[in-house]
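Before any comments, here is the structure.
Each reported figure results from applying straightforward, stated rules to the coordinates on display, with no laboratory input. Because the structure is predicted, anything quoted here is derived from the model rather than measured. FYI the Cβ positions are ideal-geometry reconstructions off the backbone, even for glycines, and counts take in every protein chain you see.
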Ligand SMILES: Cc1cc2nc3c(=O)[nH]c(=O)nc-3n(C[C@H](O)[C@H](O)[C@H](O)COP(=O)(O)O)c2cc1C
């Protein structure tokens, strides 16, 4: 591939003008401890069959654990959950210590106060540069709160109101 005519700062700056929601993708490691990471790249893919996806960085320490487990719950964060996003974007070894949660029908970590949860099993992983594109089958899902979403835009948190 030819060298791009821009640097990584320009790439981040321009792509940061595309607003995203924020979710926490959460599952268990091989020892049964809950693990998760903040994800802005979550997307809906297919209705029949129901598929969703997200892009996971190859530098993430959590993604290989979720990949091995093969199942996880996507928690869509609400506008009052910036602190939750900060925890799950960190390298804290016990991100669940400060966040109330229970188990989804698939048995995966479900974060209290999230707008919605989506129980998934991993279907296929496509390598894509320094990320992997994870495609997952949806098993069950529900809306649990009706207020606004947490939004990430131009490198900072925002909401729709
Ligand atoms: C708003 C926001 C969105 C993020 N979106 C992604 C994403 O889509 N994919 C990803 O791999 N990391 C994303 N991150 C970064 C990860 O949350 C972070 O690198 C990761 O949790 C580091 O911890 P880990 O080593 O436990 O995975 C995002 C961070 C923030 C704050």
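Full extension of the chain segment joining residue 6 with residue 46 gains 11.1 nm, where the gain is 0.36 nm per residue of separation less the Cα-Cα distance. Between 130, 80, 31, the residue with the greatest mean-square fluctuation in the GNM of the chain (Cα pairs under 10 Å linked by springs) is 31. Using a ≥ b ≥ c from the Cα gyration tensor of segment 21-147 (square roots of the eigenvalues), is it rounded, prolate or oblate, where a/c under 1.5 gives rounded and otherwise the larger of a/b and b/c decides, a/b for prolate? The shape class here is rounded.
Measuring r between the beta carbons of residue 98 and residue 121 and using R0 = 35 Å, the FRET efficiency lands at 0.80. Site pair residue 15 and residue 89 shows an inter-label distance of 1.5 nm when each label is modelled 7 Å from Cα along Cα→Cβ.
Going by neighbour counts of Cβ atoms within 10 Å, the residues 102, 119 line up, fewest first, as 102, 119. Exposure proxy ranking for 25, 125, based on other Cβ atoms within 10 angstrom of each Cβ and starting from the fewest, stands as 125, 25.
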